Amino acid sequence: STDKKWWKEAVVYQIYPRSFKDSDGDGVGDLKGIISKLDYLRSIGIDAVWLNPIYESPNDDNGYDISNYREIMKDFGTMQDFDLLLKGMHERGIKLIMDLVVNHSSDENYWFQESRKSRDNKYRNYYYWWPAEKGTPPYRWSFFDVNSNAWKYDAQTDSYYLHYFSVKQPDLNWNNPEVRNEIYDMMKFWLDKGIDGFRLDAFQFASKDPSFPELPKEIVGKPLEIIKYYGNGSHLHDYLQEMNREVLSKYPNAMTVAEGAGDSPKAAMKFVDPDRKELNIAYHFESVDIGKHLSDFGLVKYKDIFSRYDETFKDKGWLSIFMANHDQPRMVSKFGNDTEKYRELSSKMLTTFVMTMRGTTFYYQGDELGMSNIRFDNIEDYNDVDTRNKHQFLKENNGDLKAFLEGQKQTSRENGRTPIQWNADANAGFTVGKPWLKVNPNYTKVNVETLEKDPNSTLNYFRKLVQLRKNNPVLIYGKYTLLDKENPKVFAFTRELEGKKTLVLLNFSADNATVNTGINLNNSKIISSNYQEMRSNKSILRPYEALIIEIN
Ligand code: TEU
């Protein structure tokens with residue numbers, strides 16, 4: 001809808017603090033590191049930062065296992081550093097969105113430490129417990145458990161506790177109003193510090209039926225089906241409406257993003273329909289869960305996802321547009337082409353898409369440099385609990401480890417987590433110590449310092465596109481129309497607002513490609529291109545070419 005909001009106009013840049021910049025040589029990125037790069041953030045023109053979790057955590061899942069929601073992780077610094085970071089961002093006109101991880105906590109959180117002590121502990125009902133005398137609890141699948149089992153037996157009280165993610169991430173019991181109030185207070189604590197919003201982590205899983213009925217037979221063994229089931233708890237939207245009433249409505253300038261927003265455009269709308277008073281932006285997974293690589297699922301299917309969602313959202317509600325995050329491989333390695341010849345061109349083409357499609361742009365750190373997958377050969381190189389536990393399971397069950405590792409080269413979350421490449425010095429200037437995760441060896445060429453100097457680099461292209469988006473409201477609020485729908489190589493669409501019409505042509509292939517837009521381009525003007533050389537043939541797009549054209 002054209003109802004104006006700052007968060008619709010913002011380009012949000014995602015910082016994975018562990019990998020952004022290390023200031024003290026321990027090999028782990030930190031808040032002082034981010035502070036030292038605030039001028040860089042300002043220079044690229046972004047409006048807001050979404051910061052992955054920085055709260056106290058034993059780091060079983062890199063901060064997504066929180067042991068204290070009101071303290072800063074030791075590796076990352078202190079609360080004083082945080083206050084300086086927030087101040088420094090605001091001074092530069094950059095807003096700060098924090099991660100809100102409240103489907104689960106760490107098992108080292110005080111609440112859980114208490115909860116597991118005895119069956120009548122004050123905090124017992126902060127989590128889900130299944131007493132062993134009731135028998136084995138009905139099967140629940142787990143994302144990160146070595147045996148894919150979300151119930152863990154705890155001898156101390158002869159009971160099982162629930163963990164959809166790792167054993168160190170017990171699920172909080174949202175049926176308990178005390179839990180909800182604790183969370184709301186904690187949210188106010190951060191909002192009162194002046195932060196500008198939250199990204200709600202995995203919140204679609206928060207509502208559970210405490211009687212834990214047997215899973216429907218047809219979904220057992222099918223993770224994607226089980227995820228849908230988990231995402232559809234009957235009280236989910238009651239909680240979100242309560243959260244809005246108790247907290248969000250009191251901070252009208254803060255924005256909220258629903259990570260994971262159901263399994264259909266209609267389901268996603270429920271999270272952000274303004275009439276329902278829940279959240280602001282839906283961040284659904286269909287466009288990343290579609291498959292391993294563009295060549296597997298194809299552009300026609302990919303275009304259809306964005307078009308279907310836009311159709312549902314054209315009059316109300318709001319979406320995010322993204323191609324990567326810290327749970328995904330690098331965007332250029334999944335949707336583009338990271339070979340020497342096309343890495344830069346295709347990176348720029350993808351950047352063009354996320355800057356011109358309707359929805360708030362969420363842009364992942366390093367993509368402006370055209371960073372690509374690391375493709376580790378050895379399991380020892382991986383730190384991620386997801387990869388390590390799946391590998392362990394296969395090992396114990398004589399699975400095909402070689403095939404697994406080959407697959408991880410394309411899909412592993414670690415591909416997107418390697419340290420940011422600042423310059424051509426040792427460890428890419430990320431740290432003077434030993435980086436927690438190996439640096440991509442292409443850093444000698446692919447790094448901020450080198451790319452700064454080249455006016456045609458991916459970095460400078462990103463800057464240009466951020467400005468282009470800001471200066472053209474049609475790219476933010478304009479109506480979207482897909483053209484040449486069945487074209488397997490080209491994503492072509494128009495955006496229209498108040499008599500202004502802009503055409504976007506994106507060649508997602510390494511071939512020359514024709515496109516049939518049905519639009520007369522006689523009086524048109526190319527306002528942006530990812531090629532330097534002039535066009536020789538107006539009707540054929542060159543490999544990975546991206547054009548933005550003003551019509552009439
Ligand atoms: O991820 C939650 C989540 O649902 C994803 O695993 C999702 O299924 C997947 O990305 C779809 O492609 C969040 C965080 O982003 C992730 O880093 C954490 O490990 C996880 O929650 C647990 O907190």
For the chain, one quarter of the surface area of the C-alpha convex hull, expressed in nm², comes to 24.9
Among the listed pairs K222/K438; K228/K470; K316/K501; K270/K301; K188/K390, give every one whose C-alpha distance is greater than 27 Å. K222/K438; K228/K470; K188/K390
Given 0.36 nm per residue, what is the gain on full extension from S211 to S118 after removing their alpha carbon distance, in nm? 31.4 nm
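Highest first, please rank the peptides 7-20, 287-300, 482-495 by the mean number of other Cβ atoms sitting within 10 Å of their residues. Write down the numbers at each step before the final one.
Values: 7-20: 22.9, 287-300: 14.4, 482-495: 18.4.
In descending order of packing, they fall as 7-20, 482-495, 287-300.
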Of 362-374, 517-529, 318-330, ordering from highest average Cβ density within 10 Å down gives 362-374, 318-330, 517-529
Using 25 Å as the Cα-Cα cut-off, could you pick out the over-long pairs in K5/K32; K8/K314; K277/K314? K5/K32
Taking N as the number of residues in region 306-360, what is its alpha-carbon radius of gyration divided by 2.2 N^0.38 Å? 1.30
Taking N as the number of residues in region 380-517, what is its alpha-carbon radius of gyration divided by 2.2 N^0.38 Å? 1.50
If you consider only alpha-carbon coordinates, what radius of gyration and Dmax does region 198-305 have, in Å? 15.7, 47
Grab every C-alpha pair in region 478-551, bin the distances at 10 angstrom width from 0 up to the longest one, and report whole percents. 20, 57, 22, 1
For region 110-162, what D do you get in µm² per second when you plug the Kirkwood radius from alpha-carbon pairs into Stokes-Einstein at 4 °C and 1.567 mPa s? 113
About the Cα centre of region 478-551, how large is the charge dipole given +1 on each Lys and Arg Cβ and -1 on each Asp and Glu Cβ? Please answer in debye to the nearest 20. 120
Quickly rank 348-361, 182-195 as a protection proxy: mean count of other C-beta atoms within 10 Å, highest first. 348-361, 182-195
Evaluate the Debye formula for region 268-383 with equal point scatterers sitting on the alpha carbons, no solvent, and hand back log10 of I(q)/I(0) at q = 0.17 Å⁻¹, in q order, two decimals. -0.88
Charge-dipole axis of region 197-311 as Lys and Arg at +1 and Asp and Glu at -1 on Cβ define it, positive-most pick from I226, G298, G197: G197
Based on alpha-carbon atoms only, what is the radius of gyration of region 119-268 relative to the globular estimate 2.2 N^0.38 Å? 1.12
If you take the charge dipole of region 478-551 about its Cα centre, with +1 on Lys and Arg Cβ and -1 on Asp and Glu Cβ, which of L541, I527, N512 is farthest toward its positive end? I527
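No lab work stands behind these numbers, since they all come straight from the coordinates. Note that the coordinates shown come from a computational prediction; the quantities given were computed from them, not determined experimentally. A quick note on method: Cβ atoms are made from the backbone with ideal geometry, for glycine too, and the neighbour counts reach across all protein chains shown.
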